[in-house]
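The values are calculated or read from the model by the stated rules, or taken from the named source; none is laboratory data. All values reported here derive from a predicted model rather than from experimental measurement. All Cβ positions, glycine included, derive from the backbone under ideal geometry; neighbour counts span all protein chains shown. Side chains included, ligands, DNA and RNA excluded: accessible areas come from the protein's heavy atoms. Shrake-Rupley method; radii C 1.70, N 1.55, O 1.52, S 1.80 Å.
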Amino acid sequence: MEKNRETKYWRGLSEYNKSDKFKHAVNLEFENEVETEEEGKSLISRRQFLSFLTASAALTAAGCSNYKDKGDIVPYNKKPEEITVGVPNYYASTCTGCAENCGTLIKTREGRPVKIDGNPDNPVNKGKICSRGQAGIINLYDPDRIKEPLAGDRAGNYAPVTWKSADDKIIQALNSASSTGKEIAIISNTLTSLTFKKILADFKVKYPSANLYTYELAGEKNFINAFKKSYGINNPQGTEFVIPSVKLGEAKVILALESDFLNTGKNRQENIRLFTENREVISKEKFNKLYSVEGNVTLTGLNSDYRIKLKPDAIEEFVLSLLNEFIVKKSLPSGTKFAGQPGIEQLLSGFELSQFVKKYSLNSETINELVKDLESNQGSAFVSAGFMLSESTHIAVNLLNEVIGASKLFDFANGFFVLQENSTDEEIQKLSGNLKSGNVAAAVVIDSNPVYHYAKEYGFAESLKKLPTSVLLTEFLNETADVCNYVLPVNNNLESWGDYKVRAGLISLQQPVIYPLYNTRQRETIFLNWMKNDITDKQDYFLNYLKENWEKNIYPAMNSGTSFRDFWTKSLQDGIVVTQDKVNESLQFVNESFIQNSGKVKSSKDFAVVLCRSYSLGDGKFANNGWLQELPHPVSKMVWDNYAAISGDSAKELGVDTNDMIEIAINGNKISVPVFVQPGMADKTIAIELGYGRTKAGKVGSDKGFNAVELISKTPAISPWLYNNASITKTSGTYELISTQEHYPIDQEQYKDIAIKRGIVREATLAEYRKNPGGIIKEKKIDGLNIVQFPSVNEDHQYTGVKWAMAIDLNKCIGCADCTSACNVENNIPVVGKDQVKANREMHWIRIDRYYSGNSSEPRATFMPMLCQHCDLAPCENVCPVAATTHSEDGINGMAYNRCVGTRYCSNNCPYKVRRYNYFNFRNHLADGHYEQDSVSLVHNPEVTVRSRGVMEKCTFCLQRVMGARQNSIATNTPLKGSDVKTACQEACPSNAISFGDMNDDKDALQQFRKHKLSYTVLEEIKVRPNVTYIAKIRNNNGNKNKA
Amino acid sequence: MSKFLLDYNLKVRLPIIVFTAAIVFAITYYVSYAERNGIGYTPEQPIKYSHKLHAGDMKIDCQYCHTGVEKSRNAGIPSADICMNCHTAARTDKPEIIKLKEFYDYNKPIPWKRVHKIPDFAYFSHAVHVGKGIDCENCHGDMTKTEVVGQVHSFTMGACLECHRSPEKNIKDFSKLQEKFSIKKGPEYCSACHR
Amino acid sequence: MSKNPKSILKENKISRKKFFLFAGAAVSIAAAVTKYPFKLLAGKSEAIADSTGKIKVKENPFSVKRNII
């Protein structure tokens, strides 16, 4: 009833009338025909389309090959006796990455090398090898290697030829050159191989017009010439002599004058070990003192206790002022024989230390302390001078060393053995002239790059191009290859035999660990064949010569008491041969050398330019090595580029800032380089690294950085690597420099000095430590934050058995990043390229964080290796939605790559930001998939997963090595000990700063680190319970925070 | 929708669909179980090698050929020169031996079809298991009675974990091993196999 | 009523059939491209093709290894 009186609504007449049409429409939601005439009929209806789709999918699935097929498993046909599949073999050999020739121990798997480490039996490097040696393994497998001999048209095109045809033509050319009396120029880097020197000597007998020229881009020429002059060493040309090394381990005070002896200097591995052995807080307390006087900011300078900024061209003045102080003013016991010498006193009269300090506004307190220290440490102090300083400065430094009694530290028995001195500047210029004038008929360049290493002034490019025959022996195509008509590929270091002598009393042997991968030959083999023309296909052609040379000329003097065969086998196994060399132990300083040469370098008002060595690229040889290009520069953390380092004040004067381009003009040579404002540079000083800016270095390395070789003048006023008459102007353009340390800058008051406030780095001076050892690591109060003590929400897991932990001693860490390189090789870390590093995506599992403190003109730096802390209460483990990261029963935070879906929540939660995400398949992403090619896959460590796109990775405490040690302990039925495992970073660290072991074992060496008064963990207050303990850094200075 | 249609959908169509889906899933799951865990895969090998003859009748020890099993992660398929230790003289008339000799003389490694394989992201170590005294037949079956090698044990992660969790149920003579090697359980944490 | 829905359909909308045709074509083209990366990734495939075939790894018979490490 009610309903009838309600107002009814109806939409249309058909509803109102309840017609049939309405009833029909009510039941249907849609009109029957959806297709309209306008659309037209299609060929397939929707239903047909879907049925075709499923049918084709089903057919495809059925047509697939047998999904159960697990592939083939193919064993050896004739298995070599030494190889057990899955078990590595180790071979001792020698690295030829530079003229240091460190002994190496190479780990091979299934007949191919996968890791290079130092040879523990070699007394010089004692099991350590630098980043270039570590990362150099990928050079063996680089797809850019030349695989067969090439004939070049000198316009950049190459055609393959056979060895026989190339050798025949070359022998013809050599013979014709010889008979017409025209020179055959042989150009090489420093010669350190005994047997190769013999081969070259025999070569000269066969082709009398052959002349050998050896050079280094940035070598020790000034130091060696100065030493010879200072001590009157006059060896005939081409003969060997010994320069004593320094027992740095007994030095209590070291003064480094523009010397980077801890990183790019000569004898790096030994220097680092000896230096850091004397900076000890753990087992005993021992502290040496390092003063550094420099214009450039080097790693040595940042690790010094006192760093004194001084324009490099004023260093000679400084040395002379010190000499004045020690010879004229005071009279040190070792200096008395120089006092009263008229020439010397006269020279020194123009220099006075306090005036010098005033003139250059140095800190007089520090200088006085330096003088006092040198005085009171007679016989245990040493002054080291950088390679780039002039000969005159080196001579003055030699005199200074005499005066402070440093000659007591000279070690002759283990001195530096110079097999063949490099060619003098005059000889190289004569060569350049002869090449231009046509007096040379043939040139053979052995594994070097004179077209790149010498400025255009020398004209090597044009003159080598004009020669009838120029031959390049090399592994990779380079700038010199483009001007040669024959490019002959040589074996990689890992495929070669050799013997190297760089220290008195020690010969380091080199043996191949793999048969040559391609159609290459050893350089010695090539030369032997040019003399005898009787090469066989067997790979022992040079080996036989080498063994013969040893049996006839070297082995008899050994008095080894065994047959040659046994001696040879044992020597190859050890990698070294110890000889008894007779060395002249008495050296007298020649006063005339000082009187005639010193005092010539005067500092100027113009900019000084220092050309330095590159730690990662060497002389440019390693430009195509992605790992090394991406290794952050130890000081500036720059990747993939070099730059002109300049101080903030000088930059402001020029009106430039970081990334602006400047033009540097010296003696008519000009280059344009981007600027990097480096805290701590001396004013009006610019430092640029050599080895960059190569135009033909392979897919990865070409056109990276800026070539500073053009600045090296033929007739420099001071030294080829140090100029003080540079004119610098700002030019147009900017260039983006990428540094890994500039990531995540936070410019807020709250975060200023956060490294100190949050106790990430802890430092103290030696005096403070001695006074109150337990008080350095105090209970921290963070400004403005109260640490609340919450009860733990986690069940405390009881770790019985082995629990792995690590300790890093910041006193020993010098920030060299060798650990990063070793980790890269061991764990198959991808190279991401400059654009990805800009986006904070570099993939290093261990990084060196550099914390500056003090002010920007006098900074100090602390280096802290940061890696996954393997926290007991890991914040990353809690948040993984798929439980891809879990904690093992031995305390390692592990990563299951197959489970990771790429949420990246773990990285978000990590307080140390040590997790790295694969945003791309980086091997595919870099340089058109250069590192994805077949040969590169051989470098991967087979025990470590190669990660692809979309998974998170991080340090695993070398879980593969832990598992390997577990396996060995089970197989040999011995209990697993902490010392059984050495992580890759620990193995590579040249100062042994990293320790790894079992924290549940009271007898483990790790305990002395964990229980030490200076031990602390980073960000303890967030209570994630990290398992990496750091030992606070002690500096041996008076702690004036704002001064050097 | 009309009440009738909703009712029809709920009472008739929905249960039919759910039931059909469940039955199909269950049948597929159980029928493909063997396929998924690999049991029964017995491929044809390039040379008809019989373990029954060599390991069973002739009683050659497993480790004579599979030399790496105590030292390495991989047990290792023997290289052809191990076969030739005997077969340069033994049964040189048989066709399979002639095949073997051909491979050996022409220096062609024999392309055996792989039977037991776990994915690349799992790292299995033979040395650890053999070192604890676990016999080969626990996972590979009794080879002394096997003519053609096939997979007899499931190699899914669940199967491995089952043995790790209760080794006494899955390993022959476990009590003897337990006292000799003091094994309690196998590792259950992920990093033991997934690096 | 019968006319209105159709005209609404015509305005600025893809018909369902056309949508599915296009979607299916897009999916199949995407699958083909990822499987056979020609044209777009010519550079990379060249690089991979350029690398010489299988590399033979052979150890040197004259080297002497260390016994125990």
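Looking at A:I170, A:I129, A:I187, which one is within 16 Å of A:V490 (Cβ to Cβ) and surrounded by 22 or more Cβ atoms within 10 Å (Cβ to Cβ)?
On the way: A:I170 fails: surrounded by 22 or more Cβ atoms within 10 Å (Cβ to Cβ); A:I129 fails: within 16 Å of A:V490 (Cβ to Cβ).
Of A:I170, A:I129, A:I187, the one residue that is within 16 Å of A:V490 (Cβ to Cβ) and surrounded by 22 or more Cβ atoms within 10 Å (Cβ to Cβ) is A:I187.
Scan segment A:506-519 residue by residue and report those that are away from chain C (no Cβ under 13 Å) and either out of contact with any strand residue (DSSP E or B) (no Cβ under 7 Å at 6 or more places or on another chain) or open to solvent by 10 Å² or more (accessible area, probe 1.4 Å) (or both).
A:L506
If you check B:H129 against the conditions, is it more than 8 Å from chain A (Cβ to nearest Cβ), farther than 22 Å from B:L53 by Cβ and within 15 Å of the chain's Cα centre (by Cα)? It would help to see each step written out before you state the result.
Numbers: more than 8 Å from chain A (Cβ to nearest Cβ): yes; farther than 22 Å from B:L53 by Cβ: yes; within 15 Å of the chain's Cα centre (by Cα): yes.
Yes: the conditions hold for B:H129.
Take the residues of segment B:100-114 that are touching a His at 6+ places or on another chain (Cβ under 9 Å) and more than 7 Å from every other protein chain (Cβ to nearest Cβ): which is least open to solvent (accessible area, probe 1.4 Å)?
Applying the filter and picking the extreme gives B:L100.
Being touching an Asp or Glu at 6+ places or on another chain (Cβ under 8 Å), more than 29 Å from A:G626 (Cβ to Cβ) and surrounded by fewer than 20 Cβ atoms within 10 Å (Cβ to Cβ) is the filter here, so list the residues in segment A:650-682 that pass it.
A:S650, A:N669, A:K670
Any residue in segment A:76-90 that's on the phi > 0 side of the Ramachandran plot and at the interface with chain B (Cβ under 9 Å from one of its Cβ atoms): show its pairings with residues that are of a type in the set (D, E, K, R) and open to solvent by 50 Å² or more (accessible area, probe 1.4 Å) at Cβ separation under 8 Å, as long as the two are six or more apart or on different chains.
What qualifies is A:G86/B:K71.
Looking at segment A:713-736, which of its residues are open to solvent by 20 Å² or more (accessible area, probe 1.4 Å), outside any strand (DSSP E or B) and of a type outside the set (K, R)?
If the condition is that a residue be open to solvent by 20 Å² or more (accessible area, probe 1.4 Å), outside any strand (DSSP E or B) and of a type outside the set (K, R), then A:T715, A:P716, A:A717, A:I718, A:Y735, A:E736 are the ones that fit.
Out of segment A:797-818, which residues are closer than 27 Å to A:L976 by Cα, touching a strand residue (DSSP E or B) at 6+ places or on another chain (Cβ under 6 Å) and not charged (D, E, K, R)?
A:V802, A:M806, A:A807, A:I808
Quick check: anything in segment A:1023-1043 open to solvent by 40 Å² or more (accessible area, probe 1.4 Å), closer than 29 Å to A:N909 by Cα and among the hydroxyl-bearing types (S, T, Y)?
So far as segment A:1023-1043 goes, no, none of its residues is open to solvent by 40 Å² or more (accessible area, probe 1.4 Å), closer than 29 Å to A:N909 by Cα and among the hydroxyl-bearing types (S, T, Y).
Taking helices (runs of 4 or more DSSP H) that fall entirely within segment A:118-234, which contain at least 3 residues that are in contact with a His (Cβ under 6 Å, 6 or more places away or on another chain)?
Output list reads A:221-231.
Residue by residue through segment A:541-553, note down the ones that are crowded, with 18+ Cβ neighbours inside 10 Å and either of a type in the set (K, R) or over 17 Å from A:F527 (Cα atoms) (or both).
Those that are crowded, with 18+ Cβ neighbours inside 10 Å and either of a type in the set (K, R) or over 17 Å from A:F527 (Cα atoms) (or both): A:K547, A:W550.
Which members of segment A:592-625 meet the condition of being buried (at least 16 other Cβ atoms within 10 Å of the Cβ), not hydrophobic (A, V, I, L, M, F, W, C) and not in a loop (DSSP other than H, G, I, E, B)?
A:S593, A:N597, A:S614, A:G618
Select from segment B:117-126 the residues that are buried (at least 18 other Cβ atoms within 10 Å of the Cβ) and either aliphatic (A, V, I, L, M) or within 8 Å of chain A (Cβ to nearest Cβ) (or both) and list them in ascending order.
B:Y123, B:S125
Can you name the number of the only condition in (1) in contact with a helix residue (DSSP H, G or I) (Cβ under 9 Å, 6 or more places away or on another chain); (2) under 27 Å from A:D72 (Cα atoms) that B:S32 fails?
Here B:S32 clears every test but (1).
Scanning segment A:457-493 for residues that are of a type in the set (G, A, S), in a helix (DSSP H, G or I) and more than 20 Å from A:K699 (Cα to Cα), which turns out most open to solvent (accessible area, probe 1.4 Å)?
A:A461
Determine which member of the set B:T28, B:T42 is β-branched (V, I, T), open to solvent by 60 Å² or more (accessible area, probe 1.4 Å) and touching a residue at least 24 places away in the same chain (Cβ under 8 Å).
Within the list B:T28, B:T42, the selection yields B:T42.
Quick grid of which residues meet (1) among the basic types (K, R); (2) crowded, with 23+ Cβ neighbours inside 10 Å:
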| position | (1), (2) |
| --- | --- |
| A:L194 | no, no |
| A:Y213 | no, no |
| A:Y231 | no, no |
| A:F241 | no, no |
| A:K247 | yes, no |
| A:A251 | no, yes |
| A:A256 | no, yes |
| A:S259 | no, yes |
| A:G265 | no, no |
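Within segment A:279-296, count every residue that is open to solvent by 10 Å² or more (accessible area, probe 1.4 Å) and either without any contact (Cβ under 8 Å) to a residue 40 or more places away in the chain or in a loop (DSSP other than H, G, I, E, B) (or both).
Final tally of qualifying residues: 6.
Every residue in segment A:432-450 that is in contact (Cβ under 8 Å) with a residue 60 or more places away in the chain and not in a strand (DSSP E or B), please.
Residues satisfying the conditions are A:N434, A:L435, A:N439, A:D447, A:S448, A:N449, A:P450.
When segment B:151-175 is examined, which residues are found to be open to solvent by 60 Å² or more (accessible area, probe 1.4 Å) and free of Cβ contacts under 8 Å to residues at least 40 places away in the same chain?
Passing the criteria: B:M157, B:C160, B:E162, B:R165, B:E168, B:K169, B:K172, B:D173, B:S175.
Taking the condition of being away from chain A (no Cβ under 14 Å) and assigned to a loop (DSSP other than H, G, I, E, B), how many residues in segment B:51-89 meet it?
Number of matching residues: 5.
Restricting segment A:917-934 to residues that are open to solvent by less than 10 Å² (accessible area, probe 1.4 Å) and over 23 Å from the mean Cα position of the chain (by Cα), which is farthest from the other protein chains (Cβ to nearest Cβ)?
Top of the filtered list is A:N918.
How many residues are surrounded by fewer than 19 Cβ atoms within 10 Å (Cβ to Cβ) and in a helix (DSSP H, G or I) if we restrict to segment A:408-431?
Counting residues in segment A:408-431 that are surrounded by fewer than 19 Cβ atoms within 10 Å (Cβ to Cβ) and in a helix (DSSP H, G or I) gives 6.
Out of all the residues in segment A:354-370, which are in contact with a helix residue (DSSP H, G or I) (Cβ under 6 Å, 6 or more places away or on another chain) and open to solvent by less than 10 Å² (accessible area, probe 1.4 Å)?
Selection gives A:F356, A:I367.
Suppose the filter is within 14 Å of chain B (Cβ to nearest Cβ), assigned to a loop (DSSP other than H, G, I, E, B) and open to solvent by less than 30 Å² (accessible area, probe 1.4 Å); does A:N101 pass it?
Taking the combined requirement at face value, the residue does not satisfy it.
Select from segment A:737-779 the residues that are part of a helix (DSSP H, G or I) and among the β-branched types (V, I, T) and write down the one among them that is modelled with the highest pLDDT.
So in segment A:737-779, the residues part of a helix (DSSP H, G or I) come out as A:740-742, A:749-751, A:754-757, A:766-771, A:773-775.
Applying the additional criterion that residues be among the β-branched types (V, I, T) yields A:740, A:754, A:756.
Numbers: A:T740: 91, A:I754: 74, A:I756: 75.
The qualifying residue modelled with the highest pLDDT is A:T740.
Would you check which residues across segment A:236-276 are farther than 25 Å from A:I308 by Cβ and in a helix (DSSP H, G or I) and list them?
Those that are farther than 25 Å from A:I308 by Cβ and in a helix (DSSP H, G or I): A:Q269, A:E270, A:R273.
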